[in-house]
Amino acid sequence: MALSNRENTIRNARFQTPEWTPMHVAISGASWNQLRHELEDVLVRHPILFPGFGKGKRDYDNWDPGPAHRAGEAFTDSWGCVWEAAIDGLEGVVTRHPLADWDAMETWEPPDPLVTGDRGPVDWAATRTAVAAAKERGELTSGGVPHGFLFMRLTYLRGFENLMLDMATEDPRLQGLIDILVEHNMRIIGQYVDMGVDLMELGEDLGTQTASIISPAMFRKWITPAYEKLIAPCAEAGMLVALHSDGHIMGLMDEFCLAGVNIINPQDLCNGVDNLAREIKGRFCIRLDIDRQTVVPFGTAAEIRDLIEYEVRTLGSPEGGLEMICGIYPPTPAENVDALLSAMEEFRTYWWDGRGSG
């Protein structure tokens, strides 16, 4: 009997011989706005990756990019950070930091995560109902904290340069702020632990194009202990923990391992496929973030196929341990999305259909 998607995902993450490589494509609002009906025509041709997709359900003339994604709009989130975006459908950047001056801590308060999310109210009762229904259907269940939940949140609140100075000078007020963020995220994680989800998603961007933003030693001092505290209740509950980070993060892999991460989501070409194979294959399940800078947006169909094949052959195995995900952003054309989906479908069963046995 074929595995369910839930069973396959869990077995793959635990190196317990799945039946296919989990593959996902995440399409940005900006690309939907750019490609519109062209993109719909592509997705209906790929029901394996987009099951049940139907054309004509999106209103492109009246869509709302959402908070912090609307071009030209200054949006203040529940933490007091002011966001500004340049392109509809792409997340903006924080341009005003509520704790740029430490004195502001005297009156500043973090939001209550049981009432307010980063950008609007939350409904935990509805979330519990949705998780319970997904369990009834036998689906994979997951929870998560907002992207940028710790290190990035510190930059949003203090400003990047201020945070770097805080860390370098070991400002005692910094640990107090980190403790506030840990407590905030722990309350969110506690909700999902209580629901008994299969997977907890943590997401930050910790790397530049060529190195981690802070050194491994600095990360170990300030960030790793916080990660350990947040991941511990997930591990105790038997949940898988996935960590996303854009940028070059090879130097931080030991920290992620120490913290208890099961699934790591690194970018492929930025970190180097061979580096990932040599240094972390088998240590983590690798949820590989497929290139969105050169090959997918600008390459030929053959180049896209070659990249997917190389990555599956290099990082995959019959035991599992490889997922693949690709984010679609402008200026990626519809034909390249089509080529990407075709390649992902072609190689998703590579290790189990006889091709990977030679």
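The values are calculated or read from the model by the stated rules, or taken from the named source; none is laboratory data. As the structure is a computational prediction, the values presented were derived from the model and not from experiment. Don't worry about glycine lacking a Cβ; one is built from the backbone with ideal geometry, like all the others, and counts go over all protein chains shown.
Which residues, counting only those in region 189-203, are more than 11 Å from residue 132 (Cα to Cα) and in a helix (DSSP H, G or I)?
189, 190, 191, 192, 193, 194 - these are the residues of region 189-203 that are more than 11 Å from residue 132 (Cα to Cα) and in a helix (DSSP H, G or I).
I'd like to know if region 326-338 contains one or more residues that are more than 30 Å from residue 3 (Cβ to Cβ), free of Cβ contacts under 8 Å to residues at least 60 places away in the same chain, surrounded by fewer than 16 Cβ atoms within 10 Å (Cβ to Cβ) and not charged (D, E, K, R).
no
Residue 213 passes all but one of (1) within 20 Å of the chain's Cα centre (by Cα); (2) under 21 Å from residue 189 (Cα atoms); which number fails?
(2) is the only condition that residue 213 fails.
Every residue in region 137-149 that is in a loop (DSSP other than H, G, I, E, B) and under 18 Å from residue 67 (Cβ atoms), please.
Passing the criteria: 145, 146, 147, 148, 149.
Please specify each residue of region 81-93 satisfying the condition of being touching a residue at least 60 places away in the same chain (Cβ under 8 Å) and under 19 Å from residue 108 (Cβ atoms).
Within region 81-93, just 81 meets the criteria.
Please name all residue pairs, on different chains or six or more residues apart, with Cβ atoms under 8 Å, provided the first residue is in region 100-118 and is free of Cβ contacts under 8 Å to residues at least 24 places away in the same chain and the second residue is surrounded by 14 or more Cβ atoms within 10 Å (Cβ to Cβ) and of a type outside the set (Val, Ile, Thr).
104/98
Can residue 270 be described as surrounded by fewer than 21 Cβ atoms within 10 Å (Cβ to Cβ) and modelled with pLDDT of 95 or more?
yes
Yes or no: residue 305 closer than 21 Å to residue 263 by Cα, surrounded by fewer than 22 Cβ atoms within 10 Å (Cβ to Cβ) and of a type in the set (Lys, Arg)?
On the way: closer than 21 Å to residue 263 by Cα: no; surrounded by fewer than 22 Cβ atoms within 10 Å (Cβ to Cβ): yes; of a type in the set (Lys, Arg): yes.
Considered against the rule, which asks whether it is closer than 21 Å to residue 263 by Cα, surrounded by fewer than 22 Cβ atoms within 10 Å (Cβ to Cβ) and of a type in the set (Lys, Arg), residue 305 comes out as no.
This table checks each residue for (1) among the β-branched types (Val, Ile, Thr); (2) over 19 Å from residue 152 (Cα atoms); (3) buried (at least 19 other Cβ atoms within 10 Å of the Cβ).
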{"residue": "79", "(1), (2), (3)": "no, no, yes"}
{"residue": "86", "(1), (2), (3)": "no, yes, no"}
{"residue": "109", "(1), (2), (3)": "no, no, no"}
{"residue": "123", "(1), (2), (3)": "no, yes, no"}
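If I filter region 131-175 down to residues being touching a Lys or Arg at 6+ places or on another chain (Cβ under 7 Å) and surrounded by 18 or more Cβ atoms within 10 Å (Cβ to Cβ), which single residue comes out as farthest from residue 113 (Cα to Cα)?
Per the stated criteria, the residue is 166.
Any residue at all in region 182-202 that is surrounded by fewer than 17 Cβ atoms within 10 Å (Cβ to Cβ), of a type in the set (D, E, K, R) and within 22 Å of residue 67 (Cβ to Cβ)?
Yes, because at least one residue in region 182-202 is surrounded by fewer than 17 Cβ atoms within 10 Å (Cβ to Cβ), of a type in the set (D, E, K, R) and within 22 Å of residue 67 (Cβ to Cβ).
Name the residue, out of 134, 125, 68, that is part of a helix (DSSP H, G or I) and either modelled with pLDDT under 95 or within 22 Å of the chain's Cα centre (by Cα) (or both). Please lay out each step first, then the result.
Values: 125 fails: either modelled with pLDDT under 95 or within 22 Å of the chain's Cα centre (by Cα) (or both); 68 fails: part of a helix (DSSP H, G or I).
Step by step, each of 134, 125, 68 is checked, and only 134 is part of a helix (DSSP H, G or I) and either modelled with pLDDT under 95 or within 22 Å of the chain's Cα centre (by Cα) (or both).
Please give the helices (runs of 4 or more DSSP H) falling wholly within region 260-358 in which 2 or more residues are more than 17 Å from the chain's Cα centre (by Cα) and of a type in the set (S, T, N, Q).
334-347
Yes or no: residue 300 free of Cβ contacts under 8 Å to residues at least 40 places away in the same chain, more than 24 Å from residue 29 (Cβ to Cβ), of a type in the set (Ser, Thr, Tyr) and surrounded by fewer than 16 Cβ atoms within 10 Å (Cβ to Cβ)?
It is true that residue 300 is free of Cβ contacts under 8 Å to residues at least 40 places away in the same chain, more than 24 Å from residue 29 (Cβ to Cβ), of a type in the set (Ser, Thr, Tyr) and surrounded by fewer than 16 Cβ atoms within 10 Å (Cβ to Cβ).
Enumerate the pairs (first residue in region 135-154 and under 21 Å from residue 237 (Cα atoms); second residue anywhere and among the aromatic types (Phe, Trp, Tyr)) with beta-carbon separation below 7 Å, excluding pairs fewer than 6 apart on the same chain, so at least 6 apart or on different chains.
143/192
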